[in-house]
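Asks: One structure is given below, represented as structure tokens, and several questions about it will come after.
We did not get these values from a lab; they are worked out from the coordinates using the rules stated. Because the structure is a prediction, the values reported are computed rather than measured. Backbone-built Cβ (ideal geometry, glycine too); neighbour counts: all protein chains shown.
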Amino acid sequence: MPPAATGEHAEATIGARRTLSPARRAWRRFRQHHLALASAVILGVLVVASALAPVASKYDPDAASLEILAPPSPEHPLGTDDVGRDLLSRLLHAGRISLSVGFGAAVLTVAVGVLVGAAAGYYGGQVDALLSALVNVMLAIPILPLALVLSSFLQTNLTFVILIIGGLSWPAVARIIRAEFLSLREREFVEAARVVGAGSGRIIFIHILPNTLAPIIVAATLQVASAILLESALSFLGYGVQPPQASWGNMLQDAQRYLRTVPALAIYPGALISLTVISVNFLGDGLREALDPRLQV
């Protein structure tokens, strides 16, 4: 191809890219991240399978039977546990609990983190100093030991686990949002909004917050993985979701006595926890690259 033709082709390609909307460019970049795309598919399958647990398995996850530690069979595709409960049914129903904790705690974490970070970054001064001090104190406290202490004094259930994880995990998100607001509050569009008489609430939620959606989405994605790991640790130690309600964490706790004789009891929930967390992390990496405005060319 002649050099002139090559140059024209390159210019046409660049022009076509520039006509794409930001959402289309982000989707195009996300599709190029094959691990993130595969992770999104895996997470979608896990979410759908867990949501359809009552339909996908004909067994009650809490119903004991005389088929104790039965090997895989047509009746029980993954076998049964130490009290005769169908493992496939328990894994699917446990997925509903673990994923609910992950997504629920992530929503709470992001909501609190955005509010605190937005207030600190927008108002600055004493408000920023006070809220930043609170964030630093919270970051200095290990989440798991504090969650264990709180759980030991209170009766734990699904709602409590979501509240305790979400209520302790927001400082990292608040720091990210504070930094974004400190940068954006000095931009021209914010000054223009002030000039026309827009109030602080309108500027924060209508003008600045939409411009921080990319880091918020990425932070929310990564918080899902953190929440699932923390719930699994709490349940494994006996302070999270309580039996007979199944979660992947307390299934690992129940499997401790049979690690040598029936390792599958621990392998299945452990593999699902690992697969979910790895998939969420790869998805977060893909979203970060896709939504980075510096790469939107």
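Asks: Helix check for the chain. Which DSSP H runs span at least 30 Å along their own axis by Cα, with a mean Kyte-Doolittle hydropathy no less than -0.5?
Replies: 87-123, 158-184, 213-236, 264-291
Asks: Could I ask something else about it? Mind putting a number on the dipole of the range 20-170 about its Cα centre? Charges go on the C-beta only, +1 for Lys and Arg and -1 for Asp and Glu, and I need it in Debye to the nearest 20.
Replies: Its charge dipole is roughly 960 debye.
Asks: Positive end of the charge dipole of the chain (Lys, Arg +1 and Asp, Glu -1 on Cβ, about the Cα centre): tell me which of ILE206, ASN281, PRO244 has its Cα farthest that way.
Replies: ILE206
Asks: Compare the peptides 161-168, 41-48 by average per-residue count of other Cβ atoms within 10 angstrom and give them in order, highest first.
Replies: Top to bottom by mean Cβ count within 10 Å: 161-168, 41-48.
Asks: Follow-up. Roughly how big is the chain's charge dipole about its Cα centre, with Cβ charges of +1 (Lys, Arg) and -1 (Asp, Glu), in debye to the nearest 20?
Replies: 760
Asks: Something else about it: Assuming R0 = 30 Å, what is the FRET efficiency of GLN32 and ARG187, from their Cβ-Cβ distance, to the nearest 0.05? Walk me through the numbers on the way to the answer.
Replies: Working: r = 30 Å, r/R0 = 0.99.
After rounding to 0.05, the efficiency reads 0.50.
Asks: State, to one decimal in nm, how far the label point of ILE68 lies from the label point of LEU146, with both points 7 Å from Cα in the Cβ direction.
Replies: Those two pseudo-labels are separated by 4.3 nm.
Asks: Here's another thing I want to ask about it. Over the chain, one equal point on each Cα, no solvent: what is log10 I(q)/I(0) by the Debye formula at q = 0.08, 0.10, 0.11 Å⁻¹?
Replies: Debye output, listed in q order: -0.48, -0.69, -0.79.
Asks: Run through the range 200-297 and list the trypsin sites (Lys or Arg not before Pro) located in a DSSP loop whose Cβ has at most 12 other Cβ atoms within 10 Å. Working shown, then result.
Replies: Details: sites: ARG202, ARG257, ARG260, ARG288, ARG294; in loops: ARG260.
In loop regions of the range 200-297 (DSSP not H, G, I, E or B), the sparsely surrounded trypsin sites (Lys or Arg not before Pro) are ARG260.
Asks: Place +1 on the Cβ of every Lys and Arg and -1 on the Cβ of every Asp and Glu in the chain, take the dipole about the Cα centre, and give the residue among ALA111, LEU46, SER183 whose Cα lies farthest towards its positive end.
Replies: SER183
Asks: Same structure, new question: May I ask for the longest run of the chain untouched by GluC sites (Glu not before Pro) that are loop-located per DSSP and have at most 13 neighbouring C-beta atoms (other than their own) within 10 Å?
Replies: Longest site-free region, per DSSP loop and neighbour criteria: 187-297.
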